[in-house]
Amino acid sequence: MQDHQRALLLDRRCAWCAEPARLGVLLRGEACEHCGRTSPSADATELEGVLGAVQSKWKAKRAWAYGGLAVGTLVTGWFPLVSSLLMVATLIYLRVALLRQPMNWFGPARRFTARFALRMWLLVVGIGAFAIAELSTFVPFASAPLKAAISVASIGLFTEVAVAYLGSRLRREASEDPSLQWHEWALPAGLLTILLGMGAAAAAVVIAIVKLLSGVMP
Ligand SMILES: [Zn+2]
């Protein structure tokens with residue numbers, strides 16, 4: 001398959017006539033209703049090729065994302081909040097620029113659960129890394145390099161896991177039985193539970209600090 005055909009498929013269009021195509025045409029070898037031809041992506045090896053296109057897009061962006069974030073964090077890391085906000089902005093950018101397009105290939109139910117799961121995953125990684133990075137402000141002399149390492153590690157973790165997850169769901173969507181599996185519901189629900197736990201822990205810490213301060217101050 002040629003690159004422009006892959007680009008069309010990623011855009012949910014027929015690789016031959018560029019008309020919008022149904023999922024069955026893209027993934028399961030049904031004939032295009034506009035030109036009657038079958039998509040080259042229905043072949044298992046070509047599905048890997050299209051998945052590879054998403055992965056190579058990430059590979060091309062990866063060096064820039066890591067490098068830019070590392071430099072930005074080293075420059076701003078001596079101040080509280082700025083570098084953490086930079087990291088969160090990068091996470092959201094990658095979520096939109098990289099992970100939205102492959103979601104085109106899912107049916108409505110899977111698109112809902114995958115979007116929900118990625119959103120929860122973004123929050124878990126984002127809030128977790130944010131808290132660790134802000135705590136590292138208290139490490140003398142090393143806070144900026146520490147924050148740079150935390151930022152780069154967190155966007156790497158978020159994106160690698162998300163790309164792998166979308167790949168596995170895409171293979172399922174293209175398989176003979178594309179129905180939702182139980183864990184596609186359980187995963188976002190589990191991540192939501194983790195988030196609520198993180199929220200409760202943060203609230204407990206704040207309450208403890210307030211109690212401590214009110215005890216110290218008459
Ligand atoms: Zn067509």
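Numbers for the structure displayed
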| read-out | value |
| --- | --- |
| Test: residue in the stretch 142-153 that is closer than 23 Å to residue 56 by Cβ and within 11 Å of the chain's Cα centre (by Cα) | no |
| Qualifying residues in the stretch 5-29 (those that are more than 11 Å from the ligand (Cβ to nearest atom) and part of a loop (DSSP other than H, G, I, E, B)) - the one surrounded by the fewest Cβ atoms within 10 Å (Cβ to Cβ) | 11 |
| Among (1) among the charged types (D, E, K, R); (2) buried (at least 21 other Cβ atoms within 10 Å of the Cβ); (3) within 21 Å of residue 25 (Cα to Cα) - the single one residue 172 does not satisfy | (2) |
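Coordinate-derived values only; no laboratory data. Quantities reported herein were computed from a predicted structural model and do not represent experimental measurements. A quick note on method: Cβ atoms are made from the backbone with ideal geometry, for glycine too, and the neighbour counts reach across all protein chains shown.
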